[in-house]
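Undergrad: So that we are looking at the same thing, I have put the structure below in structure tokens.
The values are calculated or read from the model by the stated rules, or taken from the named source; none is laboratory data. Being a predicted model, the structure only gives us computed values, none of them experimental. Methodologically, a virtual Cβ is constructed for each residue, glycine included, from the backbone with ideal geometry; neighbour enumeration extends over all protein chains shown.
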Amino acid sequence: MGPWSALWVMLILLKGQTSNTQPGMISVLQSFREDQFQGEWFVVGLAGSTHRKTDSSLLSPFTATFEKNKNGSLKVSYAMTRGHRCITWSYVLIAAAQPGGFSVDNTAAPGKGPEEVQVHDTDYSVFALMLSRRRSGGQSVLTVSLLYWSPHPSSR
């Protein structure tokens with residue numbers, strides 16, 4: 001399945017979810033190779049169960065950099081521009097049993113509930129489709145991100 005088709009399928013699935021259901025975090029990956037996933041990706045598509053038309057500025061591409069830590073976890077750093085400002089944030093992903101599955105380490109953000117992240121599909125060289133699920137204000141928040149790899153001279 002191509003990246004755009006996969007994004008549309010996930011958007012349709014999101015639209016069909018109600019706020020009381022807990023969709024399963026599924027993946028088409030049989031294995032996940034963190035070493036090939038590391039590097040800078042561009043988030044070129046973003047959709048979610050709580051996004052509104054006023055969130056359209058989130059559709060501007062921004063970067064997501066994945067780096068493996070010494071302890072085996074995966075650090076994700078994001079950077080996006082809003083007007084003349086650069087906004088950055090990061091978190092640590094802890095591998096789960098399912099290939100490409102992670103839990104977000106929220107120990108640095110007290111009060112923030114658990115969050116799961118799943119690399120649903122990737123070819124490691126052009127695209128990745130990621131899902132994120134967390135609870136906020138009593139409702140399930142599901143987000144789908146389409147990532148694009150732009151090769152650099154020193155890339156994989």
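Undergrad: Find the residue count for region 24-56, including only residues that are of a type outside the set (Val, Ile, Thr) and either in a helix (DSSP H, G or I) or at pLDDT below 50 (or both).
TA: The qualifying residues number 7.
Undergrad: Moving to a separate point now. Within region 112-149, take every residue that is part of a strand (DSSP E or B) and among the hydroxyl-bearing types (Ser, Thr, Tyr) and give me the one that is surrounded by the fewest Cβ atoms within 10 Å (Cβ to Cβ).
TA: Restricting to residues being part of a strand (DSSP E or B) and among the hydroxyl-bearing types (Ser, Thr, Tyr), the top hit is Ser136.
Undergrad: Consider Glu67 carefully, then state whether it is surrounded by 12 or more Cβ atoms within 10 Å (Cβ to Cβ), touching a Lys or Arg at 6+ places or on another chain (Cβ under 6 Å) and either part of a strand (DSSP E or B) or free of Cβ contacts under 8 Å to residues at least 40 places away in the same chain (or both). First the steps, then the outcome.
TA: Details: surrounded by 12 or more Cβ atoms within 10 Å (Cβ to Cβ): yes; touching a Lys or Arg at 6+ places or on another chain (Cβ under 6 Å): yes; either part of a strand (DSSP E or B) or free of Cβ contacts under 8 Å to residues at least 40 places away in the same chain (or both): yes.
The answer is yes for Glu67.
Conditions tested, residue by residue: (1) at pLDDT 90 or above; (2) among the aliphatic types (A, V, I, L, M).
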{"position": "Gly100", "(1), (2)": "yes, no"}
{"position": "Ser103", "(1), (2)": "yes, no"}
{"position": "Gly113", "(1), (2)": "no, no"}
{"position": "Val119", "(1), (2)": "yes, yes"}
{"position": "Leu129", "(1), (2)": "yes, yes"}
{"position": "Ser132", "(1), (2)": "yes, no"}
{"position": "Trp149", "(1), (2)": "no, no"}
{"position": "Ser155", "(1), (2)": "no, no"}
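Undergrad: Taking the conditions exactly as written (touching a strand residue (DSSP E or B) at 6+ places or on another chain (Cβ under 7 Å), of a type outside the set (Phe, Trp, Tyr) and modelled with pLDDT of 90 or more), does Ser73 satisfy them or not?
TA: yes
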